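First up is the structure itself, then whatever we jot down about it.
Derivation of every value follows stated rules applied to the coordinates shown; laboratory data play no part. Since this is a predicted model, take the numbers as computed values, not measurements. In this analysis, Cβ positions are derived from the backbone assuming ideal geometry, glycine residues included, and neighbour counts consider all displayed protein chains.
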Amino acid sequence: MTLKFSAGDLTIHRIIEQEMSFLPASDMLPGLTPELLAESRAWLRQAKALDDNDVLILCFQSYVIKTSHHTILVDSCIGNDKPRPQRPKWHMKTDDTYMKALNAAGFATGDIDFVMCTHLHVDHVGWNTRLDNGRWVPTFPKARYVFARTEFDYWNEQNRKTEVATFTDSVLPVVEAGRAEIVGNEHQIGDHVRIVPTPGHTPGHAAFAFGRNRDDVVCSGDLMHSPLQALHPELSPKFDVDPALAAVTRRNFLERYCDTDTLCCTAHFPSPSAGRIRRKGSGFTCEAAA
């Protein structure tokens, strides 16, 4: 499935791999009280962000941003043939959903100039590589893969202590193929692409801003997983390495883009996933883009 937006001189395509009920809200967001869930239930269900069993509905997707110079894929989703025993719907997956969606948007793997990963979690690097005669090779053969240095160094160190399957099958093969660019936060691609440091979920988590000398679009990655976290930025998921820092980062990000024309492309909000940040009481909403 694919959906298309435009902002400034950019075209943005959503490449959806899965959209599904994921984890119970109270499990994923440890700070969520029964009272807050009760008062939020109706609007979350209306937004198709919560199912009838109080399980959060998440979308797993990539964004392809076409600038006047480059075609850039942000976060490469889940991938096929990857051993993910903790997630049965991801474990050794073999479907063609992602590639069909990419093709339906008008792109072949060889059209991608850059792959940019907001962070190196399992559902953001999966299609970095594909299995070819028993070896992991870069899926996007012409692309440069951009990894934030702090993020890469963190996972490289974790992998030295105990093997991190995601890192060994979806990141290191890209490095070994000579396709990786491990960069600092000041890195830019032309005059259209900038890094916005957003640590907390992981130590080197980054958002990416797109637009000629202004932020027409920002891809927020796992800065927030659910619209509930926009309204209540203090709610951090159990997956955050530093939940307190993530909460501060989230509020600062939402303040930065609140009441601007910047299109915020979230990684996991339910469809349509992209919108503009607006203030609502002491929190925020992401008003869906048409």
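Mind giving me the FRET efficiency for Gln158 and Lys89? R0 is 22 Å, r the Cβ-Cβ distance, nearest 0.05 is fine. Spell out each step's value before the answer.
On the way: r = 24 Å, r/R0 = 1.11.
Between Gln158 and Lys89 the formula returns 0.35.
If you count, for each residue, the other Cβ atoms within 10 Å and average over each peptide, how do 182-190, 46-54, 209-217 line up from highest to lowest? Display every interim value, and only then the final one.
Details: 182-190: 13.7, 46-54: 15.2, 209-217: 19.2.
Per-residue Cβ counts within 10 Å, averaged per peptide and sorted highest first, yield 209-217, 46-54, 182-190.
Using a simple spin-label model with points 7 Å from Cα along the Cα→Cβ vector, what separation in nm is obtained for Asp111 and Val241?
3.4 nm
Can you tell me the 0 to 90 degree angle between the C-alpha axis of helix 149-161 and the longest principal axis of the chain, rounded to 10?
On a 0 to 90 degree scale, this one is about 80.
Does anything in segment 248-283 have its amide N under 17 Å from the 7 Å Cα→Cβ label point of Glu35, and if so which residues?
282
Suppose every Lys and Arg Cβ carries +1 and every Asp and Glu Cβ carries -1, with no other charges. What dipole size does the chain come out with about its Cα centre, to the nearest 20 debye?
Numbers: 31 positive and 36 negative charges, 60 e Å.
Here the chain has a charge dipole of around 280 debye.
Return one quarter of the surface area of the convex hull spanned by the alpha-carbon atoms of the chain, equal to its mean projected area, in nm². Working shown, then result.
Numbers: hull surface 56.7 nm².
Convex hull of Cα atoms, orientation-averaged projection: 14.2 nm².
Between the alpha-carbon centers of segment 107-157 and segment 41-90, tell me the distance in whole angstrom.
Spelled out, the Cα-based centre of one part sits 17 Å from the other.
What is the antiparallel percent of DSSP beta bridges lying wholly in segment 2-288, to the nearest 5? Each step should come with its number before you reach the end.
Details: 45 of 59 bridges.
Rounded to the nearest five, the antiparallel share is 75 percent.
Does segment 1-145 classify as rounded, prolate or oblate by the C-alpha gyration tensor (a ≥ b ≥ c root eigenvalues; a/c under 1.5 gives rounded; else a/b over b/c gives prolate, otherwise oblate)? Numbers along the way, then the final one.
Details: a/c = 2.44, a/b = 1.51, b/c = 1.61.
Because a/c hits 1.5 or more and a/b fails to exceed b/c, segment 1-145 counts as oblate.
Which whole-number percent gives the relative contact order of the chain, counting Cα pairs below 8 Å spaced six or more residues apart?
Details: 651 pairs, mean separation 48.2, N = 290.
Answer for the chain is 17 percent.
For segment 79-191, compute Rh as the Kirkwood radius over C-alpha pairs and then the Stokes-Einstein diffusion coefficient at 25 °C and 0.890 mPa s; write the answer in µm²/s, rounded to an integer.
Rounded, D is 166 µm²/s.
For the chain, find the longest principal axis of its Cα atoms and tell me its angle to the long axis of helix 34-46, 0 to 90°, nearest 10.
Taking the Cα atoms of the chain, the angle to 34-46 is about 70 degrees.
Send over the semi-axes of segment 1-75's equivalent ellipsoid, whole angstrom and largest first, taken as the square roots of 5 times the C-alpha gyration tensor eigenvalues.
Values: eigenvalues 212, 30, 25 Å².
The three semi-axes for segment 1-75 are 33, 12, 11 Å.
Taking neighbour Cβ counts within 10 Å as the exposure measure, how do Thr198, Thr94 sort from fewest upward? Walk me through the numbers before you get to the answer.
Values: Thr198 26, Thr94 7.
Ordered from fewest to most neighbouring Cβ atoms within 10 Å, Thr198, Thr94 come out as Thr94, Thr198.
Taking the mean number of other Cβ atoms within 10 Å as a proxy for protection, how do you rank 160-172, 14-26 from highest to lowest? Could you put the intermediate results ahead of the total?
Details: 160-172: 15.9, 14-26: 18.9.
For the peptides 160-172, 14-26, the packing ranking is 14-26, 160-172.
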